[in-house]
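The block underneath contains the structure these notes are about, expressed in structure tokens.
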């Protein structure tokens, strides 16, 4: 296994996780979803998103009519489950940081799901990277710059690939244009799981449910 390939400031680690590691991580994520069931989110404007999501860690990212924010609890009122050790090990490997992430956002992409170009900018401290782990079906990942008008470049992310968005790419626009549904046998029934690991400043976690 080689090192990262740099694309527009994004550090792309193709095939970082082998098949056994991917399967083990999916098993760990089943426990996360059992404790914090997947949600069908809507944007503040009321538009239904095509992904379903949940989270693990000290805080979870939420979107609904009230806005984009980090909450200390699942909407059910239960604490988010801890981030699995298998996921934390990837963060430590690709970042070299002693500081662990506060949030592991879990997005599930079913057939036809996608994610429009966006920036990850609700965390409060942009000195830490965002780490993205892909499991399951291949997805076309589009990478831009820090300005919405900047040009983009795309790469097909496969199961076991990892992307690190740090430095100049920390606030870069990025998104998922489409899936090759059924391209992986990792998930029964097809689909893709994307994990994004973030450090979240204490001051941006909503106190409303704490």
Globularity index of region 99-190, i.e. its alpha-carbon radius of gyration over 2.2 N^0.38 Å: 1.12
Region 5-204: equivalent-ellipsoid semi-axes (sqrt of 5 x gyration tensor eigenvalues, Cα, Å): 21, 20, 18
Inter-label distance, nm, simple model (7 Å from Cα along the C-beta direction), residue 93/residue 30: 2.2
Two-decimal ratio, region 115-159, of alpha-carbon radius of gyration to 2.2 N^0.38 Å: 1.31
Additional length obtainable on full extension of the chain from residue 149 to residue 5, 0.36 nm per residue less Cα span: 49.4 nm
Length added when fully stretched, residue 171-residue 202, from 0.36 nm per residue minus Cα-Cα: 9.2 nm
Point-to-point label distance, residue 40-residue 65, nm (Cα→Cβ direction, 7 Å offset): 1.6
Evaluated at q = 0.18, 0.31 Å⁻¹: base-10 log I(q)/I(0), Debye formula over Cα of region 1-46: -0.81, -1.03
Rounded Å value of the spacing that divides the Cα centres of region 181-195 and region 85-100: 24
Region 13-72: translational diffusion in µm²/s, Stokes-Einstein, Kirkwood Rh over Cα pairs, 25 °C, 0.890 mPa s: 184
Value of D in µm² per second that Stokes-Einstein yields for region 67-132, Kirkwood Rh from Cα pairs, at 37 °C (0.692 mPa s): 230
For 174, 118, order by how many other beta-carbon atoms lie within 10 Å, fewest first: 118, 174
Neighbour-count order for 121, 114, 149, fewest beta carbons within 10 angstrom listed first: 149, 121, 114
Virtual spin-label span in nm between residue 76 and residue 47, 7 Å along Cα→Cβ: 3.0
Length released on extending from residue 21 to residue 178, taking residue separation times 0.36 nm less the Cα-Cα span: 54.0 nm
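Just so you know, all these numbers are worked out from the coordinates, no wet-lab data involved. Note that this is a predicted model, so its numbers are computed, not measured. Heads up, the Cβs are rebuilt from the backbone with ideal geometry, glycines too, and the neighbour counts pull from every protein chain shown.
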